[in-house]
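Laboratory data are not the source of any read-out in this text; all were calculated from the coordinates shown. Just so it is clear, the structure is predicted and the values come from calculations on it, not from any experiment. Cβ sites come from the backbone with ideal geometry, for glycine too, and all protein chains shown count toward neighbours.
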Amino acid sequence: FSALAQVRVGSELSTPPALAALVRSRAFAGVTALTVRNDRRAGGSIAGELARYTGPARLEKLDVSGNRLDPQTLEPLLTAPVLARVAELDLSNNAIGAPGARL
């Protein structure tokens with residue numbers, strides 16, 4: 001699993017069970033770049049999964065554009081330990097507005 005460094009999850013696979021399985025897998029600890037597209041579930045389940053993640057993380061790039069994130073779902077994500085090494089974060093096409101930008 002150590003060779004898995006970049007993961008892209010398309011809109012049809014961005015279901016809550018699939019995202020939970022990905023983040024909770026042993027392989028996730030080695031992922032350095034993660035893209036999740038078009039999570040159509042209100043609240044953005046990828047944000048919740050990442051906010052709850054407590055394992056080791058090498059994540060340096062996170063693209064969660066178009067995931068229906070709002071300031072309430074964004075705040076726990078931004079303070080999560082999994083984002084400690086993230087240098088590139090794409091939040092475009094989310095409903096974060098000015099409150100989310102302030103976060």
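Could you list the chymotrypsin sites (Phe, Trp or Tyr not before Pro) in the chain that lie in coil according to DSSP, counting only those with at most 12 other Cβ atoms within 10 Å of their Cβ?
On the way: sites: PHE1, PHE28, TYR53; in loops: PHE1, TYR53.
Answer by residue number: PHE1.
As a check on your grasp of the helix formula, calculate [θ] at 222 nm for the chain: sum -39500 (n - 2.57) over DSSP H runs of n ≥ 4, divide by the residue count, round to the nearest 500. Mind dumping the intermediate values first?
On the way: 4 runs with 31 residues, N = 103.
About -8000 deg cm²/dmol.
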Item checked: ASP63 long-range amide H proximity, modeled H, under 5 Å -> LEU34, THR35, VAL36, ASP90
Notebook entry, point to check: Which of these, ALA57, ALA47, ALA87, has the largest mean-square fluctuation under a Gaussian network model of the chain (Cα springs below 10 Å)?
Noted result: ALA87
